[in-house]
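**Student:** I am attaching a structure below and will ask some questions about it afterwards.
The values are calculated or read from the model by the stated rules, or taken from the named source; none is laboratory data. Predicted model, so just to flag it, every value in this text is computed and none were measured. Every residue, glycine as well, gets a Cβ built from its backbone with ideal geometry; the counts of neighbours run over all protein chains shown.
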Amino acid sequence: MDIVLAEDEPLLAERVARSLSIAGHGVKLAADGPSALREVTAGHCDLLVLDVNLPGFDGLEVLQRIREGALPVRVLILTARSEVGDRVAGLKAGADDYLTKPFAMEELLARVEVLGRRSAMAVPDHILQIGDLVMDSGKRRVSRSGKRIELSPREFEVLEVFMKEPGRTFSRDEICERIWEREHEYDTRTIEIFVMRLRRKLDQPGGDSVIRTIRSVGYVMNPAP
């Protein structure tokens, strides 16, 4: 993959870039928010590894601008272990995954591998439709009542889980297993945030929510939203 690494700590940036390169990825470095945004908007970027605390403007603002521009880049945010608010804010803003510092390089490489594998697994020309909600898995597009809805890559994957089996109730743990494909230490807040983001984008005023919460069990997609 072509990866932009936005990290202002030179030693850490060099170490991560070297490990990613050895793993076969192309890596470009950015030491502040503006340069990270320039690298991504210039194209040829499959994944942005984004530190939250960047000079210029911070990683959360970079992420917000990327999602506002509907750029189809995956984002893995890096944040200090104590900064729970940053992790939650990053997921709400459209991050696909997060990793807390300090981290093991093996875990970073594993997260990058999973994000890359999920990106390559889209099924060409496969259409899922539930009521007026339509998903094109090949083009990775979603629309409702003919209006296109911009989703982050991770939002798309969570919605795809529901649309493949409408009417089935999924636990939070099962959704995690289907999306991340391996065990990670995610709390239930992670899935709650993605469902909240999908509801905000998909639900229509005055109508029932596309995704219902089943108390103490999980979530289910209405068969006809």
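**Student:** When region 178-204 is examined, which residues are found to be modelled with pLDDT under 65 and basic (K, R)?
**Tutor:** Answer for region 178-204, where residues must be modelled with pLDDT under 65 and basic (K, R): just R182.
**Student:** Give me the pairs, please: first residue somewhere in region 38-66 and closer than 21 Å to G24 by Cβ, second residue anywhere and in a helix (DSSP H, G or I) and hydroxyl-bearing (S, T, Y), beta-carbon distance under 7 Å, and either six or more positions apart or on two chains.
**Tutor:** Matching pairs, first to second residue: D46/S119.
**Student:** Which one of these is in a helix (DSSP H, G or I) and more than 22 Å from E157 (Cα to Cα): L54, L91, L63, L37?
**Tutor:** L37
**Student:** Quick check on my filter: what residues within region 92-117 are touching a residue at least 12 places away in the same chain (Cβ under 8 Å) and among the hydrophobic types (A, V, I, L, M, F, W, C)?
**Tutor:** Those that are touching a residue at least 12 places away in the same chain (Cβ under 8 Å) and among the hydrophobic types (A, V, I, L, M, F, W, C): A93, A95, L99, F103, M105, L108, L109, A110, V112, V114, L115.
**Student:** Step by step: first the residues of region 137-169, then only those that are surrounded by 14 or more Cβ atoms within 10 Å (Cβ to Cβ) and part of a loop (DSSP other than H, G, I, E, B), then the one that is nearest to the chain's Cα centre (by Cα). Which residue is that?
**Tutor:** For region 137-169, the residue satisfying everything is S152.
**Student:** Name the one entry in D58, D46, D51 that is at pLDDT 85 or above, surrounded by fewer than 24 Cβ atoms within 10 Å (Cβ to Cβ) and touching a Lys or Arg at 6+ places or on another chain (Cβ under 9 Å).
**Tutor:** D46
**Student:** Hey, P72 hits all of (1) assigned to a strand (DSSP E or B); (2) touching a residue at least 40 places away in the same chain (Cβ under 8 Å) but one; which does it fall short on?
**Tutor:** It fails just one condition, (1).
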